[in-house]
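K.L.:
Can you read through this structure? Questions will come right after.
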Amino acid sequence: MTINLEKLATEQRNPNTLEIDLVSTLEMVRLINAEDQRVALAVEAVLPQIAEAVDCIAEQLKQGGRLVYVGAGTSGRLGILDASECPPTFRADPNQVIGLIAGGDQAIRRAVEGAEDSREQGAQALTAIAFTAKDVLVGLAASGRTPYVIGALEYANNMGAMTIAVACTHNSEIGAIAKITIEPLPGPEVITGSTRMKAGTAQKLVLNMLSTGAMIKLGKVYSNLMVDVQASNAKLIERCKRILREAVGIDRAQAEALLELTNYDVKLAILIARTNLSTEQAKQFLQEAEGYLQKAINAAQASDVTD
């Protein structure tokens, strides 16, 4: 199989770093930093497409669908990273956001040669998780041409699912297949073809927005506080206390008592503190508000329950 890399933006030489092997260490890192600064501007240029994708993902998650990332190498690892952070950050079901990588879980730490070259394996990965039309597939490929990702996108399209492509080259192959195309163009890499650098950073920024934006729209955030945080370690237990104190202005002892009462459900604790509802009443208002805390607070305050 002959692969033509000539037209891929991710494979071009960067004229700004031609002598990076000759300069001082300080100048070396300055060159890298200067190139990194281009990444955020590249992502800014595709914000409308990112917003469209966020709305789509949130709607499908509300309907019981899943967000599935698929990629190879760095792209696949970034998808897995984003997926793995959703449960502790947003108390999301571990199966709500899923990351798949060419070569399977062993490829997370060590490259599996040739795995990304199979379209069939991309489709098979979705079959293995019982992918349905309710789910959203995000195909990640810096080069925009990874066969594994193409196979997964084609499979998802045939299922009638929403598909999104994230690539770092213009007019990418995966962009031509997906229903929504996100193509930030951070320019040639510091080291030619090393897409774990600028392209990887661009993809990480996009994924941050996709998952965080969708979770905000699902009511997982109150103001700018992660009120669905899962208290799964010592740091997160302390974060729960701090979030509660920030939200309602109580002291540490009061926060600890409320969190014990609600089994460290920060959202429930805030609602009780703001409305004086009983635990069961607060749970009912949250359920009726579909988990949106501000909506639950407004409904409770408008009712005669808190009088």
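K.L.:
Scan segment 61-90 and report the pairs whose first residue is in contact (Cβ under 8 Å) with a residue 40 or more places away in the chain and in a strand (DSSP E or B) and whose second residue is of a type in the set (Val, Ile, Thr) and surrounded by fewer than 24 Cβ atoms within 10 Å (Cβ to Cβ), with Cβ atoms within less than 8 Å and a gap of 6+ or a chain change.
P.N.:
Here the result reads Leu67/Ile98; Val68/Ile98; Val68/Ile129; Tyr69/Ile80; Tyr69/Ile98, each pair linking segment 61-90 to a residue that is of a type in the set (Val, Ile, Thr) and surrounded by fewer than 24 Cβ atoms within 10 Å (Cβ to Cβ).
K.L.:
Name the residue, out of Ala123, Ala133, that is farther than 22 Å from Leu81 by Cβ, part of a helix (DSSP H, G or I) and in contact with a helix residue (DSSP H, G or I) (Cβ under 6 Å, 6 or more places away or on another chain).
P.N.:
Residue meeting the stated conditions: Ala123.
K.L.:
Going by the conditions given, is Lys198 more than 30 Å from Asn263 (Cβ to Cβ), charged (D, E, K, R) and open to solvent by less than 50 Å² (accessible area, probe 1.4 Å)?
P.N.:
yes
K.L.:
Given the options Asn208, Asn158, Asn233, name the one that is polar (S, T, N, Q), over 24 Å from Glu290 (Cα atoms) and at pLDDT 95 or above. Walk me through how you get there before you give the answer.
P.N.:
Working: Asn208 fails: over 24 Å from Glu290 (Cα atoms); Asn233 fails: at pLDDT 95 or above.
Going through Asn208, Asn158, Asn233 in turn, just one is polar (S, T, N, Q), over 24 Å from Glu290 (Cα atoms) and at pLDDT 95 or above: Asn158.
K.L.:
Under 8 Å between Cβ atoms, at least 6 apart or on separate chains: pull out the pairs that start in segment 208-221 with a residue that is closer than 16 Å to Val136 by Cα and end on any residue that is at pLDDT below 95 and open to solvent by less than 10 Å² (accessible area, probe 1.4 Å).
P.N.:
Met215/Ala92
K.L.:
While we're looking at this one, here's another question. Check Thr181, Thr169, Thr163 and return the single one that is part of a loop (DSSP other than H, G, I, E, B) and either of a type in the set (A, V, I, L, M) or within 22 Å of the chain's Cα centre (by Cα) (or both).
P.N.:
Answer to the check: Thr169.
K.L.:
Name the single residue that is nearest to Cys86 (Cα to Cα) among those in segment 240-257 being open to solvent by less than 30 Å² (accessible area, probe 1.4 Å) and among the hydrophobic types (A, V, I, L, M, F, W, C).
P.N.:
Cys240
K.L.:
Could you list, in sequence order, the residues of segment 175-196 that are charged (D, E, K, R) and within 30 Å of Met159 (Cα to Cα)?
P.N.:
Lys179, Glu183
K.L.:
List the pairs whose first member sits in segment 98-119 and is under 22 Å from Ile177 (Cβ atoms), whose second member is polar (S, T, N, Q) and at pLDDT 90 or above, and whose Cβ atoms are under 6 Å apart, counting only residues at least 6 apart or on separate chains?
P.N.:
Short answer, once both residue conditions are applied: Glu116/Thr146.
K.L.:
Next question. Among the residues of segment 252-272, is any more than 30 Å from the chain's Cα centre (by Cα) and of a type in the set (S, T, N, Q)?
P.N.:
Scanning segment 252-272, I find at least one residue that is more than 30 Å from the chain's Cα centre (by Cα) and of a type in the set (S, T, N, Q), so the answer is yes.
K.L.:
Here's something else I'd like to know. Which of (1) open to solvent by 70 Å² or more (accessible area, probe 1.4 Å); (2) more than 30 Å from Val39 (Cβ to Cβ); (3) β-branched (Val, Ile, Thr) does Ile237 not meet, given it meets every other one?
P.N.:
(1)
K.L.:
Out of Ala128, Ala123, which single residue is open to solvent by 40 Å² or more (accessible area, probe 1.4 Å) and at pLDDT 95 or above?
P.N.:
Values: Ala123 fails: open to solvent by 40 Å² or more (accessible area, probe 1.4 Å).
Ala128 is the lone residue from the list that is open to solvent by 40 Å² or more (accessible area, probe 1.4 Å) and at pLDDT 95 or above.
K.L.:
Can you name the residue in segment 101-110 that is open to solvent by less than 70 Å² (accessible area, probe 1.4 Å) and part of a loop (DSSP other than H, G, I, E, B) and, of all such residues, is nearest to Val138 (Cα to Cα)?
P.N.:
Among those residues, the one meeting the criterion is Ala102.
K.L.:
When you scan segment 6-29, do you find a residue that is crowded, with 19+ Cβ neighbours inside 10 Å, touching a Cys at 6+ places or on another chain (Cβ under 8 Å) and under 20 Å from Thr192 (Cα atoms), even just one?
P.N.:
Checking segment 6-29: at least one residue is crowded, with 19+ Cβ neighbours inside 10 Å, touching a Cys at 6+ places or on another chain (Cβ under 8 Å) and under 20 Å from Thr192 (Cα atoms).
K.L.:
Condition first: touching a residue at least 12 places away in the same chain (Cβ under 8 Å) and either assigned to a helix (DSSP H, G or I) or under 13 Å from Val54 (Cβ atoms) (or both). Now tell me which residues in segment 222-238 satisfy that.
P.N.:
Those that are touching a residue at least 12 places away in the same chain (Cβ under 8 Å) and either assigned to a helix (DSSP H, G or I) or under 13 Å from Val54 (Cβ atoms) (or both): Leu236, Ile237.
K.L.:
Can you tell me how many residues within segment 259-304 are surrounded by fewer than 22 Cβ atoms within 10 Å (Cβ to Cβ), among the charged types (D, E, K, R) and touching a helix residue (DSSP H, G or I) at 6+ places or on another chain (Cβ under 6 Å)?
P.N.:
1
The values are calculated or read from the model by the stated rules, or taken from the named source; none is laboratory data. All values reported here derive from a predicted model rather than from experimental measurement. Heads up, the Cβs are rebuilt from the backbone with ideal geometry, glycines too, and the neighbour counts pull from every protein chain shown. When the accessible area is computed, the model is the full protein with side chains, heavy atoms only, and any ligands, DNA or RNA have been set aside. Shrake-Rupley method; radii C 1.70, N 1.55, O 1.52, S 1.80 Å.
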